[in-house]
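Every number in this text was worked out from the coordinates using simple rules, so none of it is lab data. This one's a predicted model, so the numbers in the text were calculated from it and none came from an experiment. Glycine gets a Cβ as well: all are built from the backbone with ideal geometry, and neighbour counts include every protein chain shown.
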Amino acid sequence: MTIGASGENHMGRLDAKVAIVTGGAGGLGEAIATRMAEEGATVAVLDVDEAGAKRVAAALPAATAHVCDVTDEPAVEAAFADVVAAHGRLDVLVNNAGITGPSGPADELSLADWERVMAVNSTAAFLGTKHAVPHLRATGSGSIVTISSIFGLVGSGGIPAYHASKGAVRAMTKTDALAYAPDRIRVNSVHPGYVWTDMVRGSTERAGLAEAEARARLDPLHPLGGIGAPDDVSWAVVYLASDEARWVTGAELVVDGGYTAR
């Protein structure tokens, strides 16, 4: 049960659920953590940015902050154990942490840059899933939501490692959905279009574009009226984490303002 703006009690869509959100210190992660908490979830905010994780958690009821490099398996295992020790259970994992990487074509990409993007965007989702599943089994059911991208579905002519990493988690989601269905663990992916976050802002700045120019280029690519906001994606995650999605697994929920409808 959560408290509304006017002070009245109301049943939340995620009441009594404990959720981990990786990359929760800002951008999509912060929006997801905030909406989940508003819907009654107890949220564990994981990030390498300790100050950011603490800032987000401090604004949410009963939330905790956990410093974690999601590419470091012992750190992931320990952080997840800490969450369960603090909150008694785990119901939801949101694999949100991600980076874009360099924008050039494959022949200009260093192996180190490729491996870094794959580590944060793909390996981290594998590690999160691996170490969430035992806790979700102990709960008796659960939901894993991995943030992919429209660029896990279609090409753009650049950021090859990002495309590969997001396509990888799309396919991994489907096989994990089959693997864990007997455990009543649902596994789904969300595929946002361009959302105005620090990650997108940084990419456009590296391309030499001011915000107004970047938006002028990106807005027309989204038929529903322009580039998205973090909240546009957070509600999709709330749905997939909730019991409303009890019969949804192995799905790819596209939240892109119509970008991929062409």
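Just a few scattered comments:
- Cα-Cα separations in the stretch 96-245 greater than 29 Å, expressed as whole percent: 22
- Extension gain for residue 212 to residue 138 (0.36 nm times residue separation, less C-alpha to C-alpha distance): 21.7 nm.
- Its DSSP H runs of at least 4 residues, each contributing -39,500 (n - 2.57), put the calculated 222 nm mean residue ellipticity of the chain at -13000 deg cm²/dmol, to the nearest 500.
- The stretch 67-165: GluC sites (Glu not before Pro) in DSSP coil with no more than 16 other Cβ atoms inside 10 Å: none
- In Hz, Karplus ³J(HN,Hα) per residue of the stretch 186-200 (6.51, -1.76, 1.60; θ = phi - 60°; x = Gly, Pro): 8, 9, 9, 10, 10, 10, x, x, 5, 10, 6, 10, 4, 5, 5
- ³J(HN,Hα) computed for each position of the stretch 158-172 - Karplus, 6.51 cos²θ - 1.76 cosθ + 1.60, integer Hz, glycine/proline x: x, 5, x, 5, 4, 4, 4, 5, 6, x, 4, 6, 4, 5, 4
- Taking the centroid of alpha carbons for each part, the stretch 158-227 and the stretch 43-79 are 22 Å apart.
- Taking a straight Cα-Cα cut-off under 15 Å and skipping sequence neighbours fewer than 8 places away in the same chain, the aspartates and glutamates within cross-link reach of residue 17 are 38, 39, 91, 243, 244.
- Vicinal HN-Hα couplings computed from phi for the stretch 250-255 (Karplus, 6.51 cos²θ - 1.76 cosθ + 1.60; Hz; Gly/Pro x): x, 8, 10, 8, 8, 10
- A straight Cα-to-Cα reach below 24 Å connects residue 166 with the lysines 130, 174, residues fewer than 8 places away in its own chain not being considered.
- Kirkwood hydrodynamic radius computed over the chain comes to 18.5 Å, based on all pairs of distinct alpha carbons.
- Once the Cα atoms are used to define both axes, helix 73-87 deviates from the longest principal axis of the chain by about 40 degrees.
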